[in-house]
Amino acid sequence: MQRCGPISTVSSNKRSVSVQVTPVIKSAKGMTSLLRPLTVGTTSSVVAHPRKQVVVRSSVEPKAAAEVDPLEAGLAKVVGTKFASTAVTLGYILFWYALNIAFNLLNKTIFKNFPFPYTVSTIHVVVGLIYCVVMYLVGLKDASFQRPITGKEFAGLFGPAAMHALGHVAANISFAAVAISLTHTVKTLEPAFNVVLSQLILGTPTPIPVALTLLPIMFGVAMASAGELSFNWTGFITAMISNLTFSFRAVWSKQVMGKTLGSTAVYAYTTLISVLICIPMAIFVEGAALPAGINAAIAKVGAQRFYTELVAVGLLYHLYNQFAFNTLQRVSPVGHGVCNVVKRIAIIFSSVIFFKQVLTTQALTGTVVALIGTWLYTEAAKSKHHK
């Protein structure tokens, strides 16, 4: 499926030749895209006829095809490859932020009238699944499932998808129980869970300077929690559970992406598996009280607004996660961590303004300390990565 065309004419009487290969990838739809030239190597003694060409074939991995972003390929024809890559990555990050902020604000608004986090979590992934199916059926396969997967691939995706579903439900229980600012402050502890899991599962030790940056995060979270007026243990514990499960998801998702499926397809199948997990949980936990809860919410805001908000929040949830997965595939884990810090700052302060939340001095100070600690962690991890 992938071939490399002839690249260069090798002149005679040359003792050393550097050959460059431009891989030409043909997709299933017949579209062709050019990647950056790959330096293949040098030869110590090459003699060739001046009019003959040397054809070099590259053993490009099959996964390279999955890494070619269709949007970037199209933009590259207009503005060039280098600028297109930067522009697409920046665009993904900005859409991720905007959709995430909108999701958090609308989600909390819904919980004020309809405090059923298991059901709302299920609606999020069901709406996302419907979106993926529609995109696939109209021919936009790269925006959804990409292709059918094998049983082995499904098994590989099931672990991170299950962690995603459980973490999503836990986060929504926390969002329903406490202020958005507190949940996201507690979730700055996710790097601490990553460090522990890396040691226990992968056997990867964490350098002392990196580990020390976790201390201000822990101190800040404790300070913010103690000073938060809406604090309760349900919201705190479920936010911590969300940290644990999302840390598992991050490790497994990074291993899956780029091997057989693109990031959008990985998230589409993650959504499908999440639906299979969330529906039984919602029925078991909230099924009996659900009819009365729906009627009460409709009595407060009206049927049209109630159902419209549920569909809208589901779309926002799916799209912001899709852009987050797209970003994760394009940047390093450390870079993704930096993006997360900025995202949490934006969400926390936008929610405080939108809901006119009263932050005590202690809660505000703790939040700032936790965010600074998270930034220090990403910087320390970056230094470790470059060594």
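Checking the table 77/382; 112/382; 187/356 against a 29 Å threshold on Cα-Cα, which pairs fail?
In this structure, 77/382; 112/382 exceed 29 Å between Cα atoms.
Please give the peptides 234-245, 117-128 ranked by average Cβ packing (other Cβ atoms within 10 Å per residue), highest first, as a rough proxy for protection.
The peptides rank, most packed first, as 117-128, 234-245.
Filter the chymotrypsin sites (Phe, Trp or Tyr not before Pro) in the range 300-387 down to the DSSP loop ones having no more than 16 other Cβ atoms within 10 Å, then list what survives.
Sparse-neighbourhood loop chymotrypsin sites (Phe, Trp or Tyr not before Pro): 355.
Is the shape of the range 337-379 rounded, prolate or oblate, going by the alpha carbon gyration tensor and its root eigenvalues a ≥ b ≥ c, with a/c under 1.5 for rounded and a/b larger than b/c for prolate?
Cα axes put the range 337-379 in the oblate bin.
Mind running the shape call on the range 298-370? Use the C-alpha gyration tensor, a ≥ b ≥ c as the square roots of the eigenvalues: rounded below 1.5 for a/c, prolate if a/b tops b/c, oblate otherwise.
Here the range 298-370 falls in the oblate category.
In what sequence do 132, 339 fall when counting other Cβ within 10 Å, fewest first?
Starting with the residue having the fewest Cβ neighbours, the order is 339, 132.
How high is the relative contact order of the range 69-386? Use alpha-carbon pairs under 8 Å, at least six apart in sequence, and give a whole percent.
Once divided by the residue count of the range 69-386, the mean separation gives 35 percent.
How do 286-293, 90-97, 222-229 rank on mean C-beta neighbours within 10 Å, highest first?
222-229, 90-97, 286-293
Bear in mind that the values in this text are calculations on the coordinates, not laboratory data. Note that the structure is a prediction, hence the values are computed from the model and not measured. As a convention, Cβ positions derive from the backbone with ideal geometry for all residues, glycine included, and neighbour counts pool all protein chains shown.
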